[in-house]
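Colleague: I'd like to ask some things about the structure below.
Read-outs: derived from the displayed coordinates by stated rules, not from any lab. All values derive from a computational prediction rather than experimental measurement. Neighbour counts are summed over all protein chains in view; Cβ atoms, including those assigned to glycine, are modelled from backbone coordinates with ideal geometry.
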Amino acid sequence: MSEDCIFCRIVDGEIPSRTVYEDDAALAFLDANPLTMGHTLVIPKDHYERLEDVPAEQATDLYAALHEVVPAVEDAVGAPATTVAFNNGEAAGQEVPHVHAHVIPRSPDDGATP
Ligand code: 5GP
Ligand code: ZN
């Protein structure tokens, strides 16, 4: 837990969010500023800043969560495809320094530019 991390505070329930999926190691919740309907963030519950900071076991847990979340989100919004993306580091657009996967439901001509 990092006191000044927004996503740690979401994990702790201090900041409300719309939970999509939860297990022991990971949490998925709707993005506050969705690029497309159903845009979801999937995070490890433990605080790691960058992708390469996540230990292998927790990385496997994060992938397992994505394995559940991606098809569930596609089904929920009726999207045929998904962009899954990590902004890894500030210069890549990472604004929240807690590792997160963007799960962005996609459809033809949706105009999204993830
Ligand atoms: P980044 O730019 O770090 O890759 O993405 C951060 C994402 O977190 C953005 O898409 C932004 O909309 C989302 N976000 C930032 N603060 C909050 C928050 O308090 N709640 C939720 N649900 N999403 C947030
Ligand atoms: Zn954090």
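Colleague: Name the single residue, out of those in the stretch 23-35 being more than 14 Å from ligand 1 (Cβ to nearest atom) and acidic (D, E), that is farthest from P114 (Cα to Cα). Please lay out each step first, then the result.
Modeller: Of the residues in the stretch 23-35, the ones more than 14 Å from ligand 1 (Cβ to nearest atom) are 23-26.
Filter once more, keeping what is acidic (D, E): 23-24.
Numbers: D23: 27, D24: 29 Å.
Residue satisfying both the conditions and the ranking: D24.
Colleague: Here's something else I'd like to know. Considering only strands (runs of 3 or more DSSP E) fully contained in the stretch 15-114, which possess at least 3 residues that are surrounded by 14 or more Cβ atoms within 10 Å (Cβ to Cβ) and not hydrophobic (A, V, I, L, M, F, W, C)?
Modeller: Working: elements: 19-22, 26-30, 40-44, 81-85, 101-106.
Strands (runs of 3 or more DSSP E) meeting the threshold: 101-106.
Colleague: Would you confirm whether or not the stretch 60-72 contains a residue that is within 18 Å of I6 (Cβ to Cβ), under 14 Å from the mean Cα position of the chain (by Cα) and of a type in the set (F, W, Y)?
Modeller: no
Colleague: Here are the criteria: (1) within 22 Å of D109 (Cα to Cα); (2) touching a strand residue (DSSP E or B) at 6+ places or on another chain (Cβ under 9 Å). Tell me which single one D61 does not satisfy.
Modeller: Here D61 clears every test but (1).
Colleague: Something else now. Among (1) in contact with a Lys or Arg (Cβ under 7 Å, 6 or more places away or on another chain); (2) among the hydrophobic types (A, V, I, L, M, F, W, C); (3) without any contact (Cβ under 8 Å) to a residue 40 or more places away in the chain, where does A79 come up short?
Modeller: (3)
Colleague: Which condition number does S2 fail, the rest of (1) assigned to a loop (DSSP other than H, G, I, E, B); (2) within 13 Å of ligand 2 (Cβ to nearest atom); (3) touching a strand residue (DSSP E or B) at 6+ places or on another chain (Cβ under 7 Å) being met?
Modeller: Answer for S2: the failing condition is (3).
Colleague: Return yes when T36 is away from ligand 2 (no atom under 16 Å from the Cβ), closer than 20 Å to R18 by Cβ, in contact with a helix residue (DSSP H, G or I) (Cβ under 7 Å, 6 or more places away or on another chain) and touching a residue at least 40 places away in the same chain (Cβ under 8 Å) and no when it is not.
Modeller: Working: away from ligand 2 (no atom under 16 Å from the Cβ): yes; closer than 20 Å to R18 by Cβ: yes; in contact with a helix residue (DSSP H, G or I) (Cβ under 7 Å, 6 or more places away or on another chain): no; touching a residue at least 40 places away in the same chain (Cβ under 8 Å): yes.
For T36, the condition - away from ligand 2 (no atom under 16 Å from the Cβ), closer than 20 Å to R18 by Cβ, in contact with a helix residue (DSSP H, G or I) (Cβ under 7 Å, 6 or more places away or on another chain) and touching a residue at least 40 places away in the same chain (Cβ under 8 Å) - is not met.
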